[in-house]
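To start, the structure under review is shown below, and the notes come after it.
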Amino acid sequence: MGLKQRYASEVEMFIKVCHRLADSRFVTAFGGNAAWKLSDDLILITPTQMNKGDVTPDDVVFINKAGDTVEGTRKPTGEKPMYLRFFQDRPDVESVVHCHPPCVCAAAILEDPNLLMRPYYPETTTEVGPVPVVPYAQPLTQELADNFAPFLQKFNSFVMANHGLVTMTRGDIYWTLLTVELLESSVDSILRAVSTGNLRELSREDVKDLGNVMTTRDLPLFGAAGVNASLESLYFGLEEG
């Protein structure tokens, strides 16, 4: 039995996510890609040079952690080095989505890099976390993958300067899509607020309380295990360095 048949339900969900990204206009033309680690040495990844709305089960590619194609007739996304870096440096991560949601992409060209590092909404604070800006590098390059290095251990979502969004989670590919949708909705509201006045953040005490909520809901802290002491330190410790 081939991998496509063995992982039929995962492939079906993966295709669903690709199509929803396209339907939401979070990806256009050949942009965006996704990867889902199915086992320690098996990754389901999108093909290169395809609109995600057109991807079918026959188009997906299975690669190993060395980047070799294990099954599939198409070439994997040219962003493969970036994904291999993610799964190598963050073995806790199960799935990753790179896309271009309009509002997050607007934030990617703002001069203020701190906008998405602050807490504004409870859900976004507990389910997405702070979102740093990764310095620009040419797409499809090892340099771009390497630019994530200072941020990978501490955060789960990243704005790529002048480019787009990367979100990773310990959940399946559908959970990562939901995280992308939550962030895009929040950034939409933030940008609307910025255009009319000053932003009002959640207080330090509010964030401390939300950390308790995360504990109650058994939600893991963002970043690699043991890197961040608490939700409060993640948001407000950044100001103390």
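Quick note: the coordinates plus some simple rules give every number you see, no bench work behind them. None of the values given here were measured: they were computed from a predicted structure. Glycine also receives a Cβ, built like all others from the backbone with ideal geometry; neighbour counts cover every protein chain displayed.
Quick check on the exposure proxy: order K65, K37 from fewest to most C-beta atoms within 10 angstrom.
Numbers: K65 16, K37 21.
In order of increasing Cβ crowding within 10 Å: K65, K37.
So, in nm, how far is label D112 from label S9 when the simple model puts each one 7 Å beyond its Cα toward the Cβ?
For the pair D112/S9, the computed spacing is 4.5 nm.
Taking region 192-223, which trypsin sites (Lys or Arg not before Pro) meet the DSSP loop condition and have no more than 15 other C-beta atoms within 10 Å? Write out the running numbers ahead of the final one.
Values: sites: R192, R200, R204, K208, R217; in loops: R200, R217.
Sparse-neighbourhood loop trypsin sites (Lys or Arg not before Pro): R200, R217.
Using a simple spin-label model with points 7 Å from Cα along the Cα→Cβ vector, what separation in nm is obtained for D58 and R170?
In this crude label model, D58 to R170 measures out at 4.0 nm.
Taking a 26 Å limit on the Cα-Cα distance, which of the listed pairs K52/K154; K75/K154; K65/K154; K4/K154 fall beyond it? Don't jump to the answer; show the numbers that get you there.
Details: K52/K154 29 Å; K75/K154 31 Å; K65/K154 22 Å; K4/K154 34 Å.
Beyond 26 Å: K52/K154; K75/K154; K4/K154.
Looking at region 200-241, which GluC sites (Glu not before Pro) are in a loop (DSSP not H, G, I, E or B) and have at most 14 other Cβ atoms within 10 Å? Could the numbers behind the result be given before it?
Numbers: sites: E201, E205, E232, E239, E240; in loops: E201, E240.
Answer in residue order: E201, E240.
Can you work out the PRE-style zone for Q88? Point 7 Å along Cα to Cβ, and I want the residues of region 25-69 with backbone N under 14 Å.
Inside the label zone: 64-68.
Above 24 Å lies some portion of the pair distances; for region 114-215, what is it as a whole percent of all C-alpha pairs? Show your work: numbers first, answer last.
Working: 1405 of 5151 pairs.
Across region 114-215, Cα pairs with separations above 24 Å total 27 percent.
About the Cα centre, and with charges only on the beta carbon of Lys, Arg (+1) and Asp, Glu (-1), how big is the dipole of region 3-239? Nearest 20 debye, please.
Dipole size: approximately 260 debye.
Give me M13, M168, M1 ranked fewest to most by other Cβ atoms within 10 Å of their Cβ, as a rough exposure proxy.
Details: M13 17, M168 25, M1 7.
With the sparsest Cβ surroundings first, the list reads M1, M13, M168.
On a full-extension model of 0.36 nm per residue, what is the gain between L199 and V227, subtracting their alpha-carbon distance, rounded to one decimal in nm? Don't jump to the answer; show the numbers that get you there.
Numbers: separation 28, 0.36 × 28 = 10.08 nm, distance 2.88 nm.
Contour length minus the Cα-Cα distance gives 7.2 nm.
Which value in deg cm²/dmol, rounded to the nearest 500, describes the helix-derived mean residue ellipticity at 222 nm for the chain, given -39,500 (n - 2.57) per DSSP H run of n ≥ 4 and division by the residue count? All intermediate terms of the calculation are to be shown ahead of the outcome.
Details: 10 runs with 93 residues, N = 241.
Computed ellipticity for the chain at 222 nm equals -11000 deg cm²/dmol.
Hey, what do the phi angles of region 33-40 turn into as Karplus ³J(HN,Hα) couplings, whole Hz, using 6.51/-1.76/1.60 and θ = phi - 60°, x for Gly and Pro?
Per residue, the Karplus-derived 3J(HN,Hα) values read 6, 8, 8, 9, 7, 8, 7, 4 Hz.
Please identify which residues in region 152-194 have an amide N closer than 15 Å to a label point set 7 Å out from the Cα of T141, following the Cα→Cβ vector.
161-163
Note down the relative contact order for region 1-56 as a percent, whole number, built from C-alpha pairs under 8 angstrom at least six residues apart.
Values: 51 pairs, mean separation 21.0, N = 56.
This gives 38 percent for region 1-56.
Please list the three semi-axes, largest first and in whole Å, of the ellipsoid equivalent to region 3-239, using sqrt of 5 times the eigenvalues of its alpha carbon gyration tensor.
Details: eigenvalues 176, 74, 53 Å².
Semi-axis lengths for region 3-239 are 30, 19, 16 Å.
By count of other Cβ within 10 Å, fewest leading, how are W36, W175 ordered? Please list the in-between numbers first.
Working: W36 25, W175 14.
Ranking W36, W175 by Cβ neighbours within 10 Å, fewest first, gives W175, W36.
In whole angstrom, note down how far apart the Cα centers of region 85-143 and region 54-79 are.
24 Å
Normalised by the residues of region 3-239, what does the relative contact order come to in percent, with Cα pairs under 8 Å and at least six apart?
Values: 416 pairs, mean separation 44.7, N = 237.
Normalised by residue count, the contact order of region 3-239 is 19 percent.
Provide the FRET efficiency to the nearest 0.05 for the T69-Q49 pair, computing r from the beta carbons and using R0 = 25 Å.
On the way: r = 15 Å, r/R0 = 0.61.
Result of the calculation: an efficiency of 0.95.
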